1. Which ones in the range 17-40 are loosely packed, with under 15 Cβ neighbours inside 10 Å and under 26 Å from residue 59 (Cα atoms)?
2. Condition first: assigned to a loop (DSSP other than H, G, I, E, B) and without any contact (Cβ under 8 Å) to a residue 12 or more places away in the chain. Can you find one or more residues in the range 34-41 that meet it?
3. Evaluate the range 143-150: report whether one residue or more is among the hydrophobic types (A, V, I, L, M, F, W, C), touching a Leu at 6+ places or on another chain (Cβ under 8 Å) and modelled with pLDDT of 90 or more.
4. Which pairs have Cβ atoms under 7 Å, sit 6 or more apart or on different chains, and link a residue in the range 128-149 that is closer than 18 Å to residue 110 by Cβ to one that is open to solvent by less than 60 Å² (accessible area, probe 1.4 Å) and of a type in the set (Ser, Thr, Tyr)?
5. Can you name every residue in the range 111-128 that is open to solvent by less than 20 Å² (accessible area, probe 1.4 Å) and polar (S, T, N, Q)?
6. Residue under question is residue 136, and the condition is that it be at pLDDT 90 or above and open to solvent by 80 Å² or more (accessible area, probe 1.4 Å); does it hold?
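The values are calculated or read from the model by the stated rules, or taken from the named source; none is laboratory data. As the structure is a prediction and not an experimental result, all values here were calculated from the model. Reconstructed Cβ throughout: ideal geometry from the backbone, glycine too, with neighbour counts over all protein chains shown. These accessible areas exclude ligands, DNA and RNA; they are computed on the full protein's heavy atoms, side chains included. Shrake-Rupley method; radii C 1.70, N 1.55, O 1.52, S 1.80 Å.
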Amino acid sequence: MQDLLNEYKETKKGLNTAYEERRSAAEVGNEEAMAERQMIGEMRGEVEWIIEWLETGRRPGNKRGIERQAAYQREKLMDPVRMQAFVARSTAGSPANLTEWQRQQIEDALCCLTERERDCYVLVHGEGFSFEQVAELLILSKSSVQTYVTRAQTKISDRLNNSLFLVG
C-alpha cells in the first residue's frame, strides 16, 4: 500500500512540473497549451484525491467517517435474520433456524418490553413491516410506532449490556 502511495506522490510531482511548464505558453494565448494545462490540472486533482483517500483511509470530502455515524445507523441490536427466524418459528432445515439457546436469548432480550413495545418491535424487525404498516395494523400513529420501537431498542440495548444470559 505504501508503494502505491509513493507512486501516486511521484506522479503528482511530475504533473505539477508539467503544469508549470505550460504556464508561460498558456499565458501567451496558445490554445493547445491551455487545453493541455487544463487536462493536467484535472489529473492533478484526481491524483490528490486518491492520495488523500490512501493516506486517511476514507473517502475525501465526507464530513464524517463510518466510525462516526449516529448510533442508530451503525448499531444492530440483533441479527435481522435471527429475529425473522425467531418470529417465523420454523423448524425446517433452513440455515436461518435458531437453536434453542438462541431462541432463549431473544426471549430474554424481549422479556423486558411492554406488550405494545414488543408488538411494534417484532413487527418492524421480525416481520419486516414499515412503521406506517405497523401503525395501520395496531391502530396507532406512525410516530407512536417509532417511539415504541425506539424505546424497545433502548431497553434491549440496556438488557444486552447488563445480562449475563445474553453473552455468547
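1. 38, 39
2. No: zero hits.
3. Initial filter on the range 143-150 (among the hydrophobic types (A, V, I, L, M, F, W, C)): 145, 149.
Now narrow it down to the ones that are touching a Leu at 6+ places or on another chain (Cβ under 8 Å): 145.
From what's left, modelled with pLDDT of 90 or more: 145.
Yes: one or more hits.
4. Pairs that qualify, where the first residue is closer than 18 Å to residue 110 by Cβ and the partner is open to solvent by less than 60 Å² (accessible area, probe 1.4 Å) and of a type in the set (Ser, Thr, Tyr), are 149/121.
5. Hits for the range 111-128: nothing passes.
6. yes
A quick yes/no check of all residues on (1) at pLDDT 75 or above; (2) out of contact with any Cys (no Cβ under 6 Å at 6 or more places or on another chain); (3) basic (Lys, Arg):
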site: 57; (1), (2), (3): no, yes, no
site: 68; (1), (2), (3): no, yes, yes
site: 71; (1), (2), (3): no, yes, no
site: 101; (1), (2), (3): yes, yes, no
site: 105; (1), (2), (3): yes, yes, no
site: 129; (1), (2), (3): yes, yes, no
site: 154; (1), (2), (3): yes, yes, no
site: 165; (1), (2), (3): no, yes, no
